[in-house]
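*Asks:* I'd like to ask some things about the structure below.
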Amino acid sequence: MNIPVLYIVIPCYNEEEVLPITSRLFEEKLKGLIEKNKIAETSRVLFVDDGSKDKTWEIIKDLSNKNDCFEGLKLSRNRGHQNALLAGLMEAKDSCDITISIDCDGQDDINAMDAMVDEYLNGCEIVYGVRSKRATDTFFKRFTAESFYKILNKLGAEVVYNHADYRLVSSKVLKEFSNFKEVNLFLRGMIPLVGFKSTSVYYERHERMAGESHYPLGKMLSLAFDGITSLSVKPIRIITAVGLIIALLSFAGVLWSLIMHLIGHTISGWASMICAVFFLGGVQLVSLGVIGEYIGKIYMETKGRPRYIISEKTFEDNNND
Ligand code: UDP
Ligand code: MG
(Lines give C-alpha, C1' and ligand atoms only; values in the text may rest on other atoms or scores of the structure.)
(Ligands and ions follow the chains in the order given, each with its own letter.)
Protein backbone atom coordinates (compact mmCIF):
# COMPACT_ATOMS: atom_id res chain seq x y z
CA MET A 1 0.00 0.00 0.00
CA ASN A 2 1.27 3.47 -0.88
CA ILE A 3 1.80 6.01 1.88
CA PRO A 4 -1.52 7.90 2.10
CA VAL A 5 -1.90 11.66 1.68
CA LEU A 6 -3.72 13.08 4.72
CA TYR A 7 -5.75 16.29 4.87
CA ILE A 8 -6.68 17.51 8.33
CA VAL A 9 -9.90 19.50 7.83
CA ILE A 10 -10.67 22.15 10.43
CA PRO A 11 -13.73 24.42 10.46
CA CYS A 12 -13.09 27.77 12.16
CA TYR A 13 -15.56 30.43 13.16
CA ASN A 14 -14.27 33.52 14.98
CA GLU A 15 -11.24 31.66 16.26
CA GLU A 16 -8.55 34.38 16.16
CA GLU A 17 -7.65 33.69 19.78
CA VAL A 18 -7.11 29.98 19.47
CA LEU A 19 -5.80 29.54 15.91
CA PRO A 20 -2.25 30.81 16.54
CA ILE A 21 -1.92 28.28 19.38
CA THR A 22 -3.51 25.22 17.82
CA SER A 23 -2.18 25.72 14.28
CA ARG A 24 1.31 25.06 15.66
CA LEU A 25 0.11 21.84 17.30
CA PHE A 26 -1.52 20.66 14.09
CA GLU A 27 1.66 21.41 12.17
CA GLU A 28 3.77 19.45 14.64
CA LYS A 29 1.38 16.51 14.47
CA LEU A 30 1.46 16.51 10.67
CA LYS A 31 5.28 16.66 10.64
CA GLY A 32 5.46 13.88 13.23
CA LEU A 33 3.23 11.62 11.16
CA ILE A 34 5.28 12.38 8.03
CA GLU A 35 8.51 11.55 9.87
CA LYS A 36 7.10 8.24 10.99
CA ASN A 37 6.36 7.51 7.32
CA LYS A 38 2.68 7.03 8.08
CA ILE A 39 1.51 9.77 5.74
CA ALA A 40 2.90 11.32 2.58
CA GLU A 41 4.85 14.57 2.49
CA THR A 42 2.14 16.30 0.49
CA SER A 43 -0.25 16.02 3.44
CA ARG A 44 -1.86 19.29 4.52
CA VAL A 45 -3.86 21.09 7.18
CA LEU A 46 -6.94 22.62 5.52
CA PHE A 47 -8.72 25.38 7.44
CA VAL A 48 -12.27 26.34 6.48
CA ASP A 49 -13.19 29.84 7.53
CA ASP A 50 -16.92 29.74 8.16
CA GLY A 51 -17.57 33.43 7.41
CA SER A 52 -15.79 34.67 10.55
CA LYS A 53 -16.24 38.27 11.58
CA ASP A 54 -12.83 38.59 13.23
CA LYS A 55 -9.29 38.12 11.90
CA THR A 56 -9.56 34.35 11.41
CA TRP A 57 -9.22 34.51 7.61
CA GLU A 58 -6.22 36.86 7.79
CA ILE A 59 -4.53 34.43 10.17
CA ILE A 60 -5.26 31.49 7.87
CA LYS A 61 -3.91 33.36 4.81
CA ASP A 62 -0.82 34.33 6.74
CA LEU A 63 -0.23 30.74 7.85
CA SER A 64 -0.58 29.43 4.31
CA ASN A 65 1.80 32.08 2.94
CA LYS A 66 4.47 31.23 5.43
CA ASN A 67 4.12 27.50 5.51
CA ASP A 68 3.36 25.02 2.73
CA CYS A 69 1.56 22.61 5.00
CA PHE A 70 -1.33 25.04 5.63
CA GLU A 71 -4.14 25.71 3.18
CA GLY A 72 -7.39 27.57 3.64
CA LEU A 73 -10.73 28.23 2.07
CA LYS A 74 -13.26 30.84 2.99
CA LEU A 75 -17.01 30.48 2.83
CA SER A 76 -18.97 33.47 1.57
CA ARG A 77 -20.87 33.68 4.89
CA ASN A 78 -21.42 31.83 8.13
CA ARG A 79 -23.13 28.52 7.31
CA GLY A 80 -22.58 26.65 10.57
CA HIS A 81 -20.15 23.98 11.67
CA GLN A 82 -21.64 21.09 9.64
CA ASN A 83 -21.72 22.95 6.33
CA ALA A 84 -18.22 24.32 6.86
CA LEU A 85 -16.91 20.85 7.57
CA LEU A 86 -18.66 19.46 4.49
CA ALA A 87 -17.11 22.21 2.35
CA GLY A 88 -13.64 21.27 3.61
CA LEU A 89 -14.16 17.53 3.12
CA MET A 90 -15.54 17.97 -0.40
CA GLU A 91 -12.61 20.19 -1.36
CA ALA A 92 -10.10 17.80 0.17
CA LYS A 93 -11.45 14.54 -1.23
CA ASP A 94 -9.86 14.87 -4.67
CA SER A 95 -6.42 15.81 -3.37
CA CYS A 96 -5.93 13.18 -0.69
CA ASP A 97 -6.45 9.57 0.36
CA ILE A 98 -7.68 10.27 3.89
CA THR A 99 -9.17 13.19 5.81
CA ILE A 100 -9.32 13.75 9.53
CA SER A 101 -11.87 16.32 10.68
CA ILE A 102 -11.30 18.04 14.00
CA ASP A 103 -12.34 21.25 15.78
CA CYS A 104 -9.78 24.02 15.91
CA ASP A 105 -10.02 24.69 19.64
CA GLY A 106 -7.69 21.90 20.80
CA GLN A 107 -10.42 20.14 22.80
CA ASP A 108 -9.97 16.89 20.95
CA ASP A 109 -6.68 15.13 21.58
CA ILE A 110 -4.62 15.32 18.38
CA ASN A 111 -2.51 12.39 19.52
CA ALA A 112 -5.41 10.09 18.68
CA MET A 113 -4.57 10.76 15.01
CA ASP A 114 -1.73 8.22 15.10
CA ALA A 115 -4.13 5.47 16.09
CA MET A 116 -6.63 6.65 13.49
CA VAL A 117 -4.07 6.45 10.69
CA ASP A 118 -2.96 3.02 11.97
CA GLU A 119 -6.53 1.78 11.77
CA TYR A 120 -6.76 3.10 8.22
CA LEU A 121 -3.56 1.28 7.33
CA ASN A 122 -5.17 -1.84 8.85
CA GLY A 123 -8.01 -1.56 6.35
CA CYS A 124 -10.68 0.64 7.96
CA GLU A 125 -12.21 3.36 5.80
CA ILE A 126 -13.86 5.29 8.67
CA VAL A 127 -12.38 5.72 12.15
CA TYR A 128 -14.53 7.45 14.77
CA GLY A 129 -12.86 9.41 17.54
CA VAL A 130 -14.80 8.63 20.72
CA ARG A 131 -14.49 10.55 23.98
CA SER A 132 -13.62 8.15 26.74
CA LYS A 133 -14.27 10.68 29.50
CA ARG A 134 -15.97 14.02 29.64
CA ALA A 135 -14.35 15.15 32.85
CA THR A 136 -13.59 18.63 31.54
CA ASP A 137 -17.14 19.34 30.36
CA THR A 138 -19.58 20.89 32.81
CA PHE A 139 -22.16 18.56 34.32
CA PHE A 140 -24.84 20.26 32.25
CA LYS A 141 -23.01 19.82 28.92
CA ARG A 142 -22.19 16.21 29.76
CA PHE A 143 -25.73 15.39 30.80
CA THR A 144 -27.38 17.04 27.78
CA ALA A 145 -24.85 15.57 25.35
CA GLU A 146 -25.11 12.03 26.73
CA SER A 147 -28.93 12.14 26.82
CA PHE A 148 -28.83 13.31 23.22
CA TYR A 149 -26.89 10.24 22.05
CA LYS A 150 -29.20 7.95 24.01
CA ILE A 151 -32.37 9.53 22.59
CA LEU A 152 -30.97 9.47 19.05
CA ASN A 153 -30.16 5.79 19.27
CA LYS A 154 -33.57 4.98 20.79
CA LEU A 155 -35.14 6.78 17.85
CA GLY A 156 -33.28 4.53 15.47
CA ALA A 157 -30.53 6.82 14.19
CA GLU A 158 -27.20 5.03 14.15
CA VAL A 159 -24.89 7.42 15.95
CA VAL A 160 -21.66 6.32 17.61
CA TYR A 161 -21.97 7.07 21.33
CA ASN A 162 -19.89 10.07 22.45
CA HIS A 163 -18.48 10.63 18.98
CA ALA A 164 -18.66 14.18 17.68
CA ASP A 165 -16.99 15.29 14.46
CA TYR A 166 -13.47 14.08 15.15
CA ARG A 167 -12.98 11.23 12.69
CA LEU A 168 -10.93 9.83 9.87
CA VAL A 169 -12.77 9.30 6.60
CA SER A 170 -11.09 7.99 3.45
CA SER A 171 -11.57 9.75 0.13
CA LYS A 172 -13.24 6.58 -1.14
CA VAL A 173 -16.04 7.06 1.44
CA LEU A 174 -16.20 10.79 0.74
CA LYS A 175 -16.67 10.19 -3.00
CA GLU A 176 -19.70 8.03 -2.21
CA PHE A 177 -20.83 10.53 0.39
CA SER A 178 -20.84 13.33 -2.18
CA ASN A 179 -23.98 11.67 -3.60
CA PHE A 180 -25.85 12.44 -0.38
CA LYS A 181 -27.42 15.68 -1.51
CA GLU A 182 -29.48 16.68 1.52
CA VAL A 183 -29.20 20.21 2.87
CA ASN A 184 -30.11 19.28 6.45
CA LEU A 185 -26.72 18.08 7.53
CA PHE A 186 -25.89 15.94 10.52
CA LEU A 187 -22.59 14.45 9.45
CA ARG A 188 -21.98 12.16 12.41
CA GLY A 189 -25.29 10.43 11.69
CA MET A 190 -24.89 10.41 7.91
CA ILE A 191 -21.35 9.05 7.57
CA PRO A 192 -22.32 5.64 9.10
CA LEU A 193 -25.01 5.37 6.39
CA VAL A 194 -22.32 5.15 3.70
CA GLY A 195 -21.14 1.83 5.12
CA PHE A 196 -17.60 0.44 4.62
CA LYS A 197 -15.41 -0.99 7.36
CA SER A 198 -15.23 1.26 10.40
CA THR A 199 -13.88 1.29 13.92
CA SER A 200 -13.38 3.65 16.87
CA VAL A 201 -10.40 5.02 18.76
CA TYR A 202 -10.74 6.52 22.23
CA TYR A 203 -9.35 9.79 23.56
CA GLU A 204 -9.86 12.22 26.41
CA ARG A 205 -11.50 15.54 25.75
CA HIS A 206 -9.71 18.64 27.04
CA GLU A 207 -10.78 22.18 27.81
CA ARG A 208 -10.90 24.72 25.00
CA MET A 209 -7.42 26.30 24.68
CA ALA A 210 -8.79 29.81 24.21
CA GLY A 211 -11.91 31.63 23.09
CA GLU A 212 -15.47 30.58 23.77
CA SER A 213 -17.76 27.78 22.67
CA HIS A 214 -19.97 28.61 19.70
CA TYR A 215 -22.48 26.03 20.74
CA PRO A 216 -24.68 27.72 23.30
CA LEU A 217 -27.80 25.87 24.43
CA GLY A 218 -29.93 27.20 21.56
CA LYS A 219 -27.56 25.94 18.83
CA MET A 220 -27.08 22.66 20.67
CA LEU A 221 -30.84 22.06 20.82
CA SER A 222 -31.20 22.93 17.18
CA LEU A 223 -28.40 20.48 16.23
CA ALA A 224 -30.10 17.81 18.36
CA PHE A 225 -33.44 18.48 16.70
CA ASP A 226 -31.90 18.44 13.22
CA GLY A 227 -30.11 15.23 14.12
CA ILE A 228 -33.30 13.50 15.16
CA THR A 229 -35.56 14.74 12.40
CA SER A 230 -33.06 14.30 9.59
CA LEU A 231 -32.30 10.70 10.50
CA SER A 232 -35.54 9.27 11.80
CA VAL A 233 -39.29 9.46 11.21
CA LYS A 234 -39.99 7.81 14.56
CA PRO A 235 -41.27 11.03 16.20
CA ILE A 236 -44.14 11.04 13.69
CA ARG A 237 -44.88 7.40 14.52
CA ILE A 238 -44.84 8.24 18.23
CA ILE A 239 -47.39 10.97 17.55
CA THR A 240 -49.60 8.50 15.70
CA ALA A 241 -49.32 6.07 18.61
CA VAL A 242 -50.13 8.78 21.17
CA GLY A 243 -53.06 9.87 19.01
CA LEU A 244 -54.38 6.30 18.87
CA ILE A 245 -54.06 5.82 22.63
CA ILE A 246 -55.83 9.10 23.32
CA ALA A 247 -58.57 8.21 20.83
CA LEU A 248 -59.11 4.85 22.57
CA LEU A 249 -59.20 6.52 25.99
CA SER A 250 -61.70 9.12 24.80
CA PHE A 251 -63.85 6.39 23.32
CA ALA A 252 -63.88 4.68 26.72
CA GLY A 253 -64.68 8.06 28.29
CA VAL A 254 -67.60 8.59 25.95
CA LEU A 255 -68.96 5.12 26.77
CA TRP A 256 -68.56 5.81 30.48
CA SER A 257 -70.36 9.17 30.30
CA LEU A 258 -73.18 7.62 28.21
CA ILE A 259 -73.68 4.90 30.81
CA MET A 260 -73.60 7.49 33.59
CA HIS A 261 -76.15 9.53 31.71
CA LEU A 262 -78.43 6.54 31.21
CA ILE A 263 -78.34 5.54 34.87
CA GLY A 264 -78.92 9.15 35.81
CA HIS A 265 -75.62 9.99 37.52
CA THR A 266 -74.68 12.98 35.35
CA ILE A 267 -72.33 15.34 37.13
CA SER A 268 -71.87 18.85 35.80
CA GLY A 269 -68.05 18.62 35.76
CA TRP A 270 -66.40 21.79 34.56
CA ALA A 271 -62.95 20.79 35.79
CA SER A 272 -62.80 17.49 33.96
CA MET A 273 -63.98 19.10 30.77
CA ILE A 274 -61.50 21.94 30.82
CA CYS A 275 -58.68 19.47 31.57
CA ALA A 276 -59.64 17.40 28.56
CA VAL A 277 -59.72 20.50 26.36
CA PHE A 278 -56.30 21.70 27.49
CA PHE A 279 -54.73 18.28 27.29
CA LEU A 280 -56.00 17.54 23.81
CA GLY A 281 -55.12 21.07 22.69
CA GLY A 282 -51.56 20.60 23.96
CA VAL A 283 -51.09 17.21 22.36
CA GLN A 284 -52.40 18.53 19.07
CA LEU A 285 -50.12 21.54 19.07
CA VAL A 286 -47.03 19.45 19.83
CA SER A 287 -48.00 16.98 17.12
CA LEU A 288 -48.52 19.74 14.59
CA GLY A 289 -45.15 21.18 15.59
CA VAL A 290 -43.32 17.92 14.97
CA ILE A 291 -45.08 17.34 11.67
CA GLY A 292 -44.36 20.96 10.75
CA GLU A 293 -40.68 20.36 11.44
CA TYR A 294 -40.61 17.57 8.86
CA ILE A 295 -42.54 19.66 6.34
CA GLY A 296 -40.05 22.48 6.89
CA LYS A 297 -37.26 20.02 6.15
CA ILE A 298 -38.98 18.88 2.95
CA TYR A 299 -39.36 22.53 1.97
CA MET A 300 -35.64 23.22 2.41
CA GLU A 301 -34.70 20.02 0.58
CA THR A 302 -36.92 20.74 -2.44
CA LYS A 303 -35.29 24.11 -2.91
CA GLY A 304 -31.96 22.33 -3.27
CA ARG A 305 -29.90 25.44 -2.57
CA PRO A 306 -26.14 25.09 -2.42
CA ARG A 307 -24.97 24.00 1.03
CA TYR A 308 -22.04 26.38 0.98
CA ILE A 309 -20.39 28.88 -1.35
CA ILE A 310 -16.62 29.25 -1.40
CA SER A 311 -15.46 32.81 -1.83
CA GLU A 312 -11.66 32.46 -1.56
CA LYS A 313 -8.98 29.79 -1.53
CA THR A 314 -5.29 29.80 -0.76
CA PHE A 315 -4.65 27.08 -3.36
CA GLU A 316 -5.36 26.32 -7.00
CA ASP A 317 -8.13 23.99 -8.03
CA ASN A 318 -6.82 20.63 -9.13
CA ASN A 319 -10.11 18.97 -9.97
CA ASN A 320 -12.00 19.63 -13.16
CA ASP A 321 -15.54 19.82 -11.85
N1 UDP B 1 -17.74 26.38 14.09
C2 UDP B 1 -17.99 26.74 12.76
N3 UDP B 1 -19.12 27.47 12.48
C4 UDP B 1 -20.03 27.84 13.43
C5 UDP B 1 -19.77 27.43 14.79
C6 UDP B 1 -18.63 26.70 15.07
O7 UDP B 1 -17.20 26.43 11.87
O8 UDP B 1 -21.02 28.51 13.11
C9 UDP B 1 -16.51 25.60 14.41
C10 UDP B 1 -15.66 26.18 15.52
O11 UDP B 1 -14.73 27.12 15.03
C12 UDP B 1 -14.97 24.93 16.08
C13 UDP B 1 -16.02 23.85 15.87
O14 UDP B 1 -16.93 24.34 14.89
O15 UDP B 1 -13.81 24.58 15.36
C16 UDP B 1 -16.74 23.47 17.15
O17 UDP B 1 -17.25 24.61 17.79
P18 UDP B 1 -17.12 24.87 19.35
O19 UDP B 1 -15.75 24.50 19.83
O20 UDP B 1 -17.53 26.29 19.56
O21 UDP B 1 -18.21 23.87 19.93
P22 UDP B 1 -18.12 22.93 21.25
O23 UDP B 1 -16.80 22.23 21.20
O24 UDP B 1 -18.25 23.84 22.40
O25 UDP B 1 -19.28 21.98 21.08
MG1 MG C 1 -15.06 23.05 21.11
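*Asks:* How much length is gained if the chain between Asn65 and Asn122 is pulled fully straight, taking 0.36 nm per residue apart and subtracting their Cα-Cα distance, in nm to one decimal?
*Replies:* That works out to 17.0 nm of additional length.
*Asks:* In whole angstrom, note down how far apart the Cα centers of the range 142-168 and the range 200-239 are.
*Replies:* 8 Å
*Asks:* Excluding ligands and nucleic acids, what accessible area in Å² is computed for Met209 using a 1.4 Å probe, to the nearest 10?
*Replies:* Approximately 90 Å² for this residue.
*Asks:* Output the peptides 26-38, 235-247 sorted from most to least packed, where packing is the average of other Cβ atoms within 10 Å over each peptide's residues.
*Replies:* 26-38, 235-247
*Asks:* How much area per residue is accessible in the chain when the probe is 1.4 Å and only protein heavy atoms are counted (Å²)?
*Replies:* Values: 17090 Å² over 321 residues.
In whole numbers, the chain has 53 Å² accessible per residue.
*Asks:* Heavy atoms only, probe 1.4 Å: what % of the accessible area of the range 14-139 goes to carbon and sulfur, would you let me know?
*Replies:* Percent of accessible area from carbon and sulfur atoms in the range 14-139: 44.
*Asks:* Continuing with this model, one more query. Could you work out Rg/(2.2 N^0.38 Å) for the chain, with Rg from alpha carbons only?
*Replies:* 1.25
*Asks:* Follow-up question, since we're still on this one. Calculate the FRET efficiency for Val254 and Leu285 from the Cβ-Cβ distance with a Förster distance of 35 Å, rounded to the nearest 0.05.
*Replies:* Working: r = 23 Å, r/R0 = 0.65.
Computed FRET efficiency for Val254 and Leu285 comes out at 0.95.
*Asks:* Taking the Cα centre of the range 145-289 as origin and charging only Cβ (+1 Lys, Arg; -1 Asp, Glu), how large is the dipole, in debye to the nearest 20? Mind showing how you got there, number by number?
*Replies:* Details: 13 positive and 9 negative charges, 75 e Å.
Approximately 360 debye in magnitude.
*Asks:* What is the distance, in nm, between label points placed 7 Å from the Cα along the Cα-to-Cβ direction at Leu221 and at Lys31?
*Replies:* Output for this residue pair reads 4.6 nm.
*Asks:* So which chymotrypsin sites (Phe, Trp or Tyr not before Pro) in the range 175-241 are both in a DSSP loop and have at most 13 other Cβ atoms within 10 Å of their Cβ?
*Replies:* The qualifying sites are Phe180.
*Asks:* Return the carbon/sulfur percentage of the accessible area of the range 140-218, one whole number, probe 1.4 Å, all protein chains in place.
*Replies:* On the way: 2140 of 3880 Å².
Carbon-and-sulfur percentage of accessible area, whole number: 55.
*Asks:* Quick check: residue separation of Glu301 and Asn2 times 0.36 nm, minus the Cα distance between them. What number comes out in nm?
*Replies:* 103.7 nm
*Asks:* Another question about this same structure. If each DSSP helix of 4+ residues adds -39,500 (n - 2.57) and the sum is divided by the residues in the chain, what number results at 222 nm, nearest 500 deg cm²/dmol?
*Replies:* Rounded to the nearest 500, the figure is -16500 deg cm²/dmol.
*Asks:* Next question, about the same structure. Could you calculate the contour length gain from Glu207 to Ile310, that is, 0.36 nm times the residue separation minus the distance between their Cα atoms, to one decimal place in nm?
*Replies:* Numbers: separation 103, 0.36 × 103 = 37.08 nm, distance 3.06 nm.
That pair, Glu207 and Ile310, stretches by 34.0 nm at full extension.
The values are calculated or read from the model by the stated rules, or taken from the named source; none is laboratory data. Since the model is a prediction, treat every value here as computed from it, not as a measurement. Please note: Cβ atoms are built from the backbone with ideal geometry, for glycine as well, and neighbour counts cover all protein chains shown. For the accessible areas, the whole protein counts, side chains as well, though only heavy atoms, and no ligand, DNA or RNA atoms are used. Shrake-Rupley method; radii C 1.70, N 1.55, O 1.52, S 1.80 Å.
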